[in-house]
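One structure is given below, encoded as structure tokens.
The values are calculated or read from the model by the stated rules, or taken from the named source; none is laboratory data. Because the structure is a prediction, the values reported are computed rather than measured. Here the Cβ positions follow ideal geometry from the backbone for every residue, glycine too, while neighbour counts run over all protein chains shown. In case anyone asks, the SASA skips ligands and DNA or RNA and just uses the protein heavy atoms, side chains included. Shrake-Rupley method; radii C 1.70, N 1.55, O 1.52, S 1.80 Å.
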Amino acid sequence: MNHTTRQEHTVLHYIFSISSLLSGMGILLIGSGLLGTLLGLRGSEEGFSEAAIGIIMSAFFIGYIAGSLLCPKIIRRVGYVRTFAVMAAISSVVALLHGLVVDPYVWWGLRILNGISLVGLYMVMESWLNEQITQQRSQIFGIYMTISLLALGVGQFGVLIYGPGSLASFALVSILFSLGLMPVALTRTTQPTPMESSSFPLKSLFHAAPVGAVGSLLSGLITGSFWGMAAVFAHGLGFSETHVVTFISFAVFGGALLQWPLGKLSDNRDRRQILFWIAICAAVFVLLLLILHAISMAAFMVVALLYGGFSFSLYAISVAQTHDRLDASQILDGTRGLLMLNGIGASIGPFMAGIVMSILGSRGYPVMLAIVLCGLALFIKWRIHLDEPVPEDERGLFVPVTRTSTIAAEMDPRTYLETEDSSDDQESTSEAVLGSQPPLNGNETDSIQR
């Protein structure tokens, strides 16, 4: 058996060993993707204002941020299994309550609970995955990211089974959440080691990697407004339910298809230049949606795929840009900081989009996104003039990423390899030199300002 064959055999072996965890996560994400679109369409049918729907959708990401801070404490206190069971029960009950009590105030509270419970489930499952992956991390991590995006895209079509006006659609979400728990509950893998948490000053992150930090924040705003308000936008244009879910799924599939080639393109160039052109292209494509919806539905869907491919790539390349500018010892906490910034942006996005759409109508949605994307492009161009690019030999390799929980940062193979490299370097470096390279704490040295 040659080296390539052995390597493929190892990857297949690891995929098989974690197949229950991957399938459980995939089913959960199908349910999560379905619920977001379902709420947007049902809210529009019930006559909720765009501003009200935006506030409701923002609540999920508020819950995500709260859960990112709260769930590690719960896990340390009661363990992974009990946390998993509690969050599973909350997710299933909350999905049904959305259909039983159709009220904007109730939905706002339920979305917060939904954000907390789902991020708790993701943390438990990703901790299990991280514990099991000891070899071929890049390939397996890439497969995990692909499954995540594809599951979110597939989930959109669940709306068509019963329609947004039926309680059965919310029951379907509850069923999917329950089904997603079964493969994980039956897994024979051992529990992960207790979760460690650490703080990271966001001010230091902005100082060390301004483009990566701002890119993560604004990409969260863009994708958060997409998940929260894209269905409302398409419904406002007069689309049928079939066209609404096709539009959203095409954009998500575009993110799955284009993220890797765009990221690999950035490996050989100044990533900021690639981010600049991605932001410009995404702005152009989102504005084309305004023109094409009344001309050709086929062309509209193609442009939706391209828009999703470029806009969903912003966060992953922002992470890669940040990794290039941080020391190896700072990578893990830095990535957690980016996830938090992305979540903050996502909590603002639907609210902002809802306000704009309540004033300008559905057409205000792509206009707002185009303005945000052009603002990001201008900021990137300004930083390119201020800062030198990272030398080519100091750039890491791009890895596709998506946002589920902070544990995904530990699963990232770049974190694993760079931490090992950092440990090796520390063994051969004197304490005096080590003392001159502290972790980011607000007193950064010039060495991280590449």
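What the table shows:
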read-out	value
Accessible surface, 1.4 Å probe, highest first, among residues Phe253, Phe170	Phe253, Phe170
With DNA, RNA and ligands ignored, accessible area of Lys73 (1.4 Å probe; Å², nearest 10)	130
Sum of side-chain charges, Gly375 neighbourhood, beta-carbon under 14 Å (Lys, Arg +1; Asp, Glu -1)	+2
Heavy-atom accessible area per residue - the range 194-348, 1.4 Å, Å²	31
Cα gyration tensor shape for the range 23-84, rounded if a/c is under 1.5, else prolate or oblate	oblate
Accessible area in the full protein assembly, largest first, 1.4 Å probe, for Thr223, Thr242	Thr242, Thr223
Packing rank of 385-394, 322-331, 96-105, where each peptide gets the mean count of other beta carbons within 10 Å, highest leading	322-331, 96-105, 385-394
Prolate/oblate/rounded call for the range 216-290, Cα gyration tensor, a/c under 1.5 rounded	prolate
Protection-proxy order for peptides 348-356, 56-64, 85-93, each taking the mean of Cβ atoms within 10 Å per residue, highest first	56-64, 348-356, 85-93
The range 48-162 - accessible surface per residue (Å², probe 1.4 Å)	38
Share of Cα-Cα pairs in the range 44-188 lying beyond 27 Å, as whole percent	26
Rounded, prolate or oblate (a/c below 1.5 giving rounded, otherwise prolate when a/b exceeds b/c) for the range 274-358 by Cα gyration tensor	oblate
